[in-house]
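To start, the structure itself, in structure tokens.
Please treat every number below as a calculation from the coordinates, not as lab data. Note that the structure is predicted; figures quoted are calculated from it, not measured. Positions of Cβ are generated from backbone atoms using ideal geometry, with glycine treated the same way; all protein chains shown enter the neighbour counts.
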Amino acid sequence: MDKAGWEAFAVFEVIKALLFLPAYFFRRIEEKIHYFKLLFAMKKIIGIVLIVLAIVLGYNGVQKFQNSSALVKVLGLKIDADNESGKSSAYIQLGLAVLALGAGVFLLKSER
């Protein structure tokens, strides 16, 4: 191929690149927009799941805390039995419920 042939080939390649390059970038931008829409939808779903998890953990923690102590009356004597490990487990569950509720509300309230 002579010099004129190579120059024509180079000009053709440049024109081809200029025509197809914007299409490539637009396709990449559309993919990123789709990704962000999907991510936004997932944030809402994860937020709702965290709020439901917070409700379940809170309920379970309150029930465990209420059932961790017992009072027995025998012949006028009051016997109080506390389950300290049950109370500490209930406190941990209530703390996790507060964290999950806060994270769920944050995810639902955040714009993007």
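Rundown of residues vs (1) farther than 21 Å from Ile48 by Cα; (2) without any contact (Cβ under 8 Å) to a residue 60 or more places away in the chain; (3) over 13 Å from the mean Cα position of the chain (by Cα), yes/no style:
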| residue | (1), (2), (3) |
| --- | --- |
| Ala70 | yes, yes, yes |
| Leu94 | no, yes, yes |
| Val98 | no, yes, yes |
| Leu107 | no, no, no |
Residue in the stretch 24-78 that is surrounded by the most Cβ atoms within 10 Å (Cβ to Cβ), counting only those that are hydroxyl-bearing (Ser, Thr, Tyr) and part of a helix (DSSP H, G or I)
Tyr59
